[in-house]
Each structure stands twice: as structure tokens, then as C-alpha cells.
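The block underneath contains the structure these notes are about, expressed in C-alpha cells.
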2 protein chains.
Amino acid sequence: MAKKPGIARGTRDFSPVELAKRNYIFDTVKKHFQTFGFQPIETPSFENSETLMGKYGDEGDRLIFKILNSGDFLNKTNEEDLQAKNSLKIATQISEKALRYDLTVPFARYVVMNQNDITFPFKRYQIQPVWRADKPQNGRYREFYQCDADVVGSTSLWQEVEFVQLYDAVFTDLDVAVTIKMNNRKILSGIAEVIGAQDKLIDFTVALDKLDKIGEEGVKKEMLSKGITEEAITKVQPLFSFTGSNTEKLSQLKDMLATSETGLKGVEELAFIINTIETLGLQKATLTIDVTLARGLNYYTGAIFEVAAPKEIDLGSIGGGGRYDDLTGIFGLKDKSGVGISFGLDRIAIVLEQLNLFPEAVNDTIDVLFINFGEKEALASFKLVQQLRTAGYKVDMYPEAAKPAKQFKYANKRNVPFVITIGSQELTDDTFICKNMQTGEQKTYNTKDILTIF
Amino acid sequence: MAKKPGIARGTRDFSPVELAKRNYIFDTVKKHFQTFGFQPIETPSFENSETLMGKYGDEGDRLIFKILNSGDFLNKTNEEDLQAKNSLKIATQISEKALRYDLTVPFARYVVMNQNDITFPFKRYQIQPVWRADKPQNGRYREFYQCDADVVGSTSLWQEVEFVQLYDAVFTDLDVAVTIKMNNRKILSGIAEVIGAQDKLIDFTVALDKLDKIGEEGVKKEMLSKGITEEAITKVQPLFSFTGSNTEKLSQLKDMLATSETGLKGVEELAFIINTIETLGLQKATLTIDVTLARGLNYYTGAIFEVAAPKEIDLGSIGGGGRYDDLTGIFGLKDKSGVGISFGLDRIAIVLEQLNLFPEAVNDTIDVLFINFGEKEALASFKLVQQLRTAGYKVDMYPEAAKPAKQFKYANKRNVPFVITIGSQELTDDTFICKNMQTGEQKTYNTKDILTIF
């Protein structure tokens, strides 16, 4: 007997109803990407290993799925490494391709390879799966979609303004009141300068981020335990009561970072974005300054974004991004500043599910089912099926002339809203009966009126 | 210096304009899949190796991309196999996952695993990439999209009728006059019976297929050389002048296969489909019987489809499919008949390109570009950008206040149809100038009229 099949660990099938929901999110995001002037690209699922390896740190490298070379792959291995069963070294000898780990590095490769054909600034979006050999666990998969929009080739802060508006446009359309948190790498550098401890910046922000939970004293205690001096902490005292409006926060930051040129530059950048957004207005989102925000610290050089779901949802960030001044430098193309954001699709789906925000129209059913009463009736039905389909309706005829009860059961199971029957009487009369499955109401129509009844 | 990056052999990047073209085809196909009541599913990119291996024959197995296990994979290998450098045996020990080779086997797995949740008959479509370790060559890639629609759980011939209509609907929409060729596995079995040589059926059809090129005598010579007897050839003499209408062909087949019960069953099935389609009519496609059609002979059990591009295009088939009575049997679920078709997306793209059938609207540009004259003007512009985007237009503002000549050059390079400028005068007057980049014509409007000018 055939073995019962399984699905690979950490991967998922998507059923029609699950896909309908995902596509609702994808389509909404895509629509706004396009009105904001972003263009789609797609890159291959696998890249030459050398393109990916060494770009994500040791931990990242370890999580990259490697593809085994075809044919007699052991033939070309180093004898010594093989005898020593050195998996790490042998891996590079028997595998020259790897599944993409994110969309950023392939995008950088794309830009460098196509730099002569691209008109800069280049605004691209990309929605494709990525793969990571992570330990699968609740909500963490080995295959998942990333959804990125980036601009490369401009340092203008209008890009940052646009990304705030883009988040607002998408989440307003999805009816989710998100908070867009912003920070700037230069502000963080300024804080490090002021506290005189560049190397303790991460400890500092991690501790500060706990203000809500452990209070000012708790945070200060943690900072001291990490080797940050009392004197340094005093210098950034304003951060412990860092509430108020964005304008108030900007003013506090300006005072606090008065001695740091870099820090002031960061405040100026952030102020431009915040003030412009203030003038232009947002629809549903709230924009707020959060100096504890430090995503991918070593990567970003300017603005840092993060999107938080509404408070009632207990979930991490559902989007984020920032500016990185040297995206394509890893492949030898210097001086192309980039800024980009991503949408966390799986988490956005969780938010919409929990808030019950998927529209009713997002389902896996059809508009009309025709009941099959035999060859002649089916032929008459099929003429109407054809007309409805051409008009854009989703229509099906039950394929066999099974017992009507069975066919109606099928319609119910699939939640079909309307069922049309053509029996021998209707065949003679050139009519059909349409039953509203919700109300049970049914009515006879002339076949020539088929396109007018819905 | 960073190494110049490359792309993995046999894979492709898709630029915005290439994607716009591909999406035009995808969207057209999807639209009709949906009106025909098909529902999308998606399966993971990789499967457990045991799900895929042994399903595609030895040649297929060889072309499956295997994913290297993570971590210390050599640790679990058989010492003897490793010493012998037996790549074939070691492969199964260091790799337990593989990239999907087609969409059919994953679909069968999906149906078997979800059989209790699926309402049969189940009509699904699936458009996803597949991977094959083929030697890359002109038009053959290691990563390419497959696009399949199948129905599982019904033996009704109405499904076959629908698939002919579906091909017609899609290719009519794409404006391509295709020929849909049909055959039936049972007719081929009948022919084998009649010529008394079941094992020579493939030789027979391959030879017959050359009729146009090498003529009747050439074909007969080839058949004889393959060991098909003169007597057998005489029995199927009608096939050598097998032209005429479909009705005439059906009648000839009926006579020729009079002694074969299976053959007659095949003629009856084909006749139902042909006659029903005749009654219902096709839009742009031509349906024709082709008894040389034998795609995947061992796989199909009933109808066989193939779609040929218009004669002026020198290209193989651009679609095909058929009925297989035991799709899910490989995973232990018996008696689920299936029938399905696929669309050859890469080849369809070639056809549309060669016949110049991509609509003009399929491009990678935006609707309007705003010129950036500095901070104040940019802010005024952005208010209009926002309104246009909300109304669904694709709009951009040049991010920097670069020289106008440079910004207009950018607009030209990207083929932007309209450019809007707000200079200091317009800022004062609360107006903007809109320039038609095709005609050069430009006109001043009030900002409040922004949504009325396109």
C-alpha cells in the first residue's frame, strides 16, 4: 500500500479560502505600491551560493538552504575534508546554489547587474517567498513570503515621507489603525556619543525599551549593570520621560544632542519627515517617534521604521524598514543610497483574522451552481453557464446528473448563494428556476433574461 | 573589490516590463479559471523527497533538485557509501527535501492529505514555479512557472467540454487563434488492438505524425522498419487520409475500430465532447481530432488535449492535458478520476511577443510625474500627488530638486505621458502646469481641478 504522504516540516499548503485571504492582503498592498510609483521585479528562487553567503552573518549563513549539485557530486570533493567528515567544508564543494534567504540581497544583485538599464531613482517592489532553515515553531515557517518596497539611487527625505504615507494608505485600506514608529540611526549614534559609549548602544536601547515594564529605576539599574555610567545616564535623563507630542520629543532630542553633530543631523532629518507628514496629514495611522527603535542597527544609516499592530493584538511588529546608504556596495556598486520598507504578511493576516476584518466577499465559493438533470437539460444549462461566465460570473454546473438532493448538498457545503435548475418543464418552456439559497426563495425566469437577474 | 555578481545558470530575473507582460497573461488565465469555478491552491516549494522521488521515472528523478540537510549532515552517512563515493546513495542520506518538479504530484499529495475537508468534485488551479536540473539552453530554464487547472472526483465528460471552452475563452481574450487538438487514450488502445501490436503503439503514432513531412509511403516504410506488419497497416488505412471534418473523422474511426470495445468507447467519449462543443460553439479557437496525439501516454486514460499556436509561429504546443483515472492512487487514495490542462506560460509569452499582441497599457511606466522645484513647491506638489494616488493614479514626484532638464530627461526615459510642474508662480497662484509629453502641449489648471484633468 502507498505510504500516507506528509508535508515538509515548517512548510504550509494554502487552501482556496486561505489563499483568498492572503490575496486580499497582497492585492491591497500591490495596489498602493503601484499608485506610489513602485514597479515589480522578480528574482530566481535560488542564487549562486557566493551571492548569498557571508551577507547575513554566521547565524544567517547557517540558516541558508543549500542545493545539492546534480550528478556525481562526491567526485569533486577534497579527500581530506571527506575523510574528516567536515560537513562545513564539504557543503561548499557539493553545493554551488542556495535558496534565497531574503529579498534584499537578490535585489542588490539585480541592481548591480542591470545598472545600465535602470533609470535611477529606481522604485521597486518584490513579493516572493524566502526560505530559512530555522527550527519550525508556532508562527515561524521555513518558507514564507516577504513583501518589500525600496527606492535606490536617491538620498531625498521625500522618500521617507512617502513610505509613511504608503504604510498609512495600505493599513487604512485594510482598516487597521496602526502605529508607525520612527527613529534615526544618527540619533542613536548621537546618544552613543553623548553617553560616551558607542559599544553599549544596543544594551542602552534594549534597557530603555523596558521603561513601560520595569519603570525608570529598573531601566537605570539594568544600564548600570551593563557598565553604562551614572554620569552618562544623567545626560540622557529626558529619555526617561520621553512622552508628549512628536514636536515636543524633537525639541527634547535637539537639546539633549546639542553637542553631537551627527545626532543633530538625525534630529533634523526626523523633523523634516514628521513635520511634512503633519502638514499633509495621515488617514488612519499614527506616526510617533520611538528612540528605542534600533532594528538592524548595523545596517541602517538614516531613518528607521517599524509598524505596530493595534494594542489589543498581542503581536510584534507587522512591518519595518529604513535607510541604508550602501545597499549595492557588497557587489561593488558604490554610492547608491537606498531606503525601503517591508510588510509582514503572515502577521498582517493574523491581525485581520483577530479583528474580523476580512471582507465577506473574500471566500472560496462561486456565484451560481447549475443543477444537472441529464444530457438535454445539461446542454440547455451550459448555454446559460457560458453566458454568465463571459459576463464575469463564477459559475459551475454539477458535472453528473446525480440525485438532486446530492447536488443541493454540494451547493450548501460550498455556500453557493444561488442555484439554477432547468428540468424537463423548463426545457420545454425555455425557462429556468433560480433559488436563493439564503432565503429559500425561488423564481422562474425566461432564459433570455439570464444576464439581468443578479 | 567586491566580485561582480552573477545569476545562477538557467534562471532569470524579471524586470518590471517583463513582469507586466507575464502578469497580463497570468491575470487573463486566472480570470477565466475563476469564472469557470476553479479555486487556487498553493503548495510549498519543497517537499519531502519521498513524496517526489520515483514519480517521474529515472530521468525525472535525476532532474529533481535536492536540498542539503542542515548542520552536520555527513555525520549520519553510511561509512561504506561514503568511502565508495557513491553519490547516488549518499544523496538520499544527506538530503531529505527536494524542490518540486511539477504541480501534479504536490496536488495529488494535497488532495490525499485534505480529502476530508475537500468537497468533491474539486476544481483547483495552481500557478507556481517548478525546478528542473536540466541542461539550460535556449528557452529551457531550471526555474519556470507551471499553470495547471484540474478537476478531481468526477468522470463526467462535461469536464472535458469545459476545458475546451476554457482554452477558447483564454486564447480568445489573448487574441490568439489557437488549434485545440484532441485524442483519446482509448482510441489509441483501440488502434493498438486493431494492429495487434500494443507494444508498438508509440512507434506507430510517432511514424504517423510525420505524414505531412514524409508522405504516406515514407510513414509506411518507417512503420514496417519498426516491425509493424503490412497487414496491420492495411487495417488502419483510413488514418492515412484522415482529413475532413471532425464528424467525418469520428465516422471513419468508428468503422475502423468496430472490433475494439475500448476503441469504440474512446470514439463515443470523443464524439460527445466534439458534438457538444459544435452545438455550443467556440469563439476564436478551432477544435480538431488528431489521432497522433499521445502526450504522456502511460499517464492519461481518456481525453488527451494539446493546444497549437497559430501556424505562422514556429513553436511546439503551448498547452496540453488530459484525463488520468488514478491521480491520487500513488498516495493511497483510490478511485479519484482527474482531468486537467496546463498553459505553457513562457511559450504563450513568445507567441504574444511575435504577434505583437501585448496591449499598449502593458508597460512599466507611471501616469504622471511631478517636477521638484524645491521644498515649498514640492510640498504643494505632494498634496496633489496624494489626491491622485488616492484616486488610483500611478504618480511620482522626482525626489530631488535637481535641474529641471535632468528631471524631464528622467520623465522621457521612463516614457511618462504627463508631467506636472509647480514653480514659484504657480505656488502663488494656486495652480499647476500639466504638459502632455507626447504632443508637447501644456496648459495651466487650478489645483482644485486636479482630479478632473485626466
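No value in this document is a laboratory result; all are computed from the given coordinates. Bear in mind that the values here come from a model prediction, so they are computed numbers and not experimental data. A quick note on method: Cβ atoms are made from the backbone with ideal geometry, for glycine too, and the neighbour counts reach across all protein chains shown.
With neighbours defined as other Cβ atoms within 10 Å of a residue's Cβ, the residues A:Met223, B:Met113 order from fewest to most as B:Met113, A:Met223.
At most 13 other Cβ atoms within 10 Å and a DSSP loop assignment: could you name the GluC sites (Glu not before Pro) in segment B:331-391 that fit?
Working: sites: B:Glu353, B:Glu360, B:Glu375, B:Glu377; in loops: B:Glu360.
In loop regions of segment B:331-391 (DSSP not H, G, I, E or B), the sparsely surrounded GluC sites (Glu not before Pro) are B:Glu360.
Sorted fewest first by neighbouring Cβ atoms within 10 angstrom, A:Asp325, A:Asp148 come out as A:Asp325, A:Asp148. The Kirkwood hydrodynamic radius of segment A:1-148, based on inverse pair distances between different Cα atoms, is 18.1 Å.
Whole-Å semi-axes of segment A:365-452's equivalent ellipsoid, largest first, each the root of 5 times a Cα gyration tensor eigenvalue?
Numbers: eigenvalues 58, 46, 33 Å².
Working from the Cα gyration tensor, I get semi-axes of 17, 15, 13 Å.
Note on B:Val17 and B:Lys409: their simple-model spin labels are 1.9 nm apart, each label 7 Å out from Cα toward Cβ.
Exceedance of the 21 Å cut-off in Cα-Cα distance is limited, within the set A:Lys403/B:Lys334; B:Lys55/B:Lys186; A:Lys181/A:Lys265; A:Lys76/B:Lys66; A:Lys181/B:Lys448; B:Lys210/B:Lys265, to A:Lys403/B:Lys334; B:Lys55/B:Lys186; A:Lys181/B:Lys448; B:Lys210/B:Lys265.
Of the residues B:Arg9, A:Arg347, the one with the fewest other Cβ atoms within 10 Å heads the list, and the complete ranking is B:Arg9, A:Arg347.
Rounded, prolate or oblate: which fits segment B:252-304, taking a ≥ b ≥ c as square roots of the Cα gyration tensor eigenvalues, rounded meaning a/c under 1.5, else prolate when a/b beats b/c? In terms of gyration-tensor shape, oblate.
By the Stokes-Einstein formula, at 1.567 mPa s and 4 °C, segment A:122-170 with its Kirkwood radius over alpha-carbon pairs has D equal to 99 µm²/s. In whole percents, the pair-distance distribution calculated for segment B:9-53 from its alpha-carbon pairs, binned every 5 Å from zero, is 5, 16, 13, 14, 20, 17, 13, 2. Local charge for B:Asn356 was computed over the other residues whose Cβ lies under 15 Å away, with Lys and Arg +1 and Asp and Glu -1, and equals -3. One Cα centroid belongs to segment B:190-207, the other to segment A:173-211; the line between them spans 76 Å. Under 5 Å from the amide H of A:Ala303 lie the amide H atoms of A:Arg185, A:Arg323, each residue being 5 or more positions distant or on a separate chain, with H modelled from the backbone and absent for Pro and chain starts. Basic side chains Lys and Arg get +1 at the Cβ, acidic Asp and Glu get -1 at the Cβ, and with that the dipole of segment A:103-183 about its Cα centre reaches some 440 debye.
For A:Asn86, the point set 7 Å out from Cα toward Cβ sits 2.6 nm from its twins in the other copies, listed from shortest up.
Using the Cα centre of the protein assembly as shown as the reference point, and only Cβ charges (+1 on K/R, -1 on D/E), how large is the resulting charge dipole? Debye, rounded to the nearest 20.
Roughly 580 debye, rounded to the nearest 20.
What separates the Cα centres of segment A:64-114 and segment A:220-286 is a distance of 44 Å.
So how many Å³ per residue does the convex hull of the Cα atoms of segment B:106-260 work out to? Show your work: numbers first, answer last.
Details: hull volume 31.6 nm³, N = 155.
Convex hull volume per residue, Cα atoms: 204 Å³.
Relative to one another, the C-alpha centroids of segment B:396-452 and segment B:17-32 are positioned 31 Å apart.
Determine which residues of segment A:66-108 fall in the zone a paramagnetic label at B:Asn75 would reach in this model, i.e. backbone nitrogen under 16 Å from the point 7 Å along Cα→Cβ. Flagged as within label range: A:84-91. Once the convex hull of all Cα atoms in segment A:213-346 is built, its volume per residue stands at 171 Å³.
Put a dot 7 Å past the Cα of B:Asp429, heading toward its Cβ, do the same for B:Leu357, and the two dots end up 4.9 nm apart.
Rg over Rh of the protein assembly as shown, using C-alpha atoms and the Kirkwood radius, what does it come to?
On the way: Rg = 31.8 Å, Rh = 31.4 Å.
Reported Rg/Rh (Cα atoms, Kirkwood Rh): 1.01.
For chain B, a/c is not less than 1.5, where a ≥ b ≥ c are the root eigenvalues of the C-alpha gyration tensor, and a/b tops b/c. That puts it in the prolate class. Taking the DSSP beta bridges with both ends in chain B, the antiparallel portion is around 80 percent.
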